[in-house]
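A short worksheet on the structure shown next.
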Amino acid sequence: MKKSLVAALTGALVVGATATTFAAANPFSDVPAGHWAYNSVTKLTSEGVIEGYGDGTFRGNRNITRYEMAQMVARALAKTPSANLSAASRAELEKLAAEFRDELDSLGVRVAELEKNADKVKWTGKIEYTYNHHKYSGYGWGKTKGMSHGGVFRLEPVAEVNDHWTAHARFDASYDGRADSTGDAKLKRVYAQGDYDKFGVKLGRFGFCPQVEDGLVLDTVVSGIELSFGNKWQGVITAGRIGADSDEAHAETGWNDDTDIVGINVRYNKPEEKGVYGGLSYYYAKDDDYRYYNKNGEDKAQVLALSLGYKFNDKLDLHGSYARNGKADYQKNGWAVDLRYGNYGDYAEKGDWAVWAGYAKFAEGVALGTDQGDDIATGEKGWHVGAAYAPFKNVGLQVRYANAKIIDTQLKDRHFWARAEFFF
């Protein structure tokens, strides 16, 4: 009986596998490497199905209780989707479940809660190292060069609150490679997120960057609320404040004042394989700094943004965007177009890659909370190219080059940017 129980449980976890010797160290002093159950006991221990005793023994000759057996079956059931089982393993596990139905019923809620709480908080993050090099022309004193390099260590925990709500945060700690100095770890984002069938909500300090608009208008964070409706067709309403002293990357909100902003976005989301996507957005913002862009001295901005793209296949994507500030008299129009080919993204698999090229005019009058910076900066226009490659899983390399001009002066700004990033 004991042999069949161990074999059935192991079969449920080692789907379709033949008997092999696991590389893990001997988990119990009374189960030597030559024992008939060594491979199975080692596998079940590594999977968390069995635990043994505090003195490092398994006590395989002791008769176990039905309650203990039910716990092992429950753990095996929780860890093994039936779709992944062979017919024989599934039949054995179903027999065990039927035999211990009463005990499993009494354990059901308790076991489910233990499994759920074990994965309640998930941590992801990255380490990145970035090198920047600028070459300017003019400014009344000839050509100048600028170089910087440094890195960021980022942690992004996500905690489950209940079936619909999660709590999110982001912590960044940076260092300056040239000065060999480090900065304090800072809480960059903190918000609660509720996800329902066709409705979502964010509340707190969260990222505010409609991706399809290429960062023409916004690439920052906002403290406020965001409501979303729909799935393929989606409406999004965002309202809140962007702080003048925000230290979030890509935040440029003016010189002295906070920005109060409301955004309404209607979009048709990008397809997974092929098809059209795009969106239409309207933003109303109030900030004393906007008086600089408006001849009549108004402290308001009204920006309309239109975006359109087409995905040819799972790798080739062409998209563009246009934005106009109806209240501005200075750099009131901005636009961008990009062509991308490849499959590189965050948490890339080994061998993933991508190349891209585009042209953009990042006008200051429509930049309500953005500073592109990685290639073409706000207040510049020009073309840019880039490439990315993942030599290993979750390890990425990126390079970018931009040949731009400052919109006001037409002086040149050539920018080279390279990054190594490590996701975890």
Do we find that Lys232 is at pLDDT below 95 and under 24 Å from Asp374 (Cα atoms) in this structure? no
First in the range 299-317 and farther than 11 Å from Glu213 by Cβ, second anywhere and open to solvent by 70 Å² or more (accessible area, probe 1.4 Å) and of a type in the set (Gly, Ala, Ser), Cβ under 6 Å, 6 or more apart: none
Would you pick out the residues in the range 373-412 that are part of a loop (DSSP other than H, G, I, E, B) and open to solvent by less than 10 Å² (accessible area, probe 1.4 Å)? Ile376, Gly379
Among the candidates Ala354, Ala323, Ala328, single out the residue that is within 21 Å of the chain's Cα centre (by Cα), open to solvent by less than 10 Å² (accessible area, probe 1.4 Å) and at negative phi. Ala354
Within the range 140-172, of all residues that are at pLDDT below 90 and under 18 Å from Ile376 (Cα atoms), the one surrounded by the most Cβ atoms within 10 Å (Cβ to Cβ) is Ser148
Condition set open to solvent by 20 Å² or more (accessible area, probe 1.4 Å) and under 16 Å from Ala285 (Cβ atoms), scope the range 180-223, selection modelled with the highest pLDDT: answer is Ser223
Which residue is modelled with the highest pLDDT, if the candidates are limited to the range 275-295 and must be touching an Asp or Glu at 6+ places or on another chain (Cβ under 8 Å) and open to solvent by 80 Å² or more (accessible area, probe 1.4 Å)? Lys286
Taking the options Ala360, Ala367, Ala404, Ala348, name whichever one is modelled with pLDDT under 90, small (Gly, Ala, Ser) and closer than 30 Å to Asp258 by Cβ. Ala367
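The values are calculated or read from the model by the stated rules, or taken from the named source; none is laboratory data. Keep in mind that this is a model prediction, so the values were computed, not measured. Cβ: placed from backbone, ideal geometry, glycine included. Neighbour counts: every protein chain shown. Just so you know, the surface numbers come from the protein's heavy atoms only, side chains and all, with ligands and any DNA or RNA stripped out. Shrake-Rupley method; radii C 1.70, N 1.55, O 1.52, S 1.80 Å.
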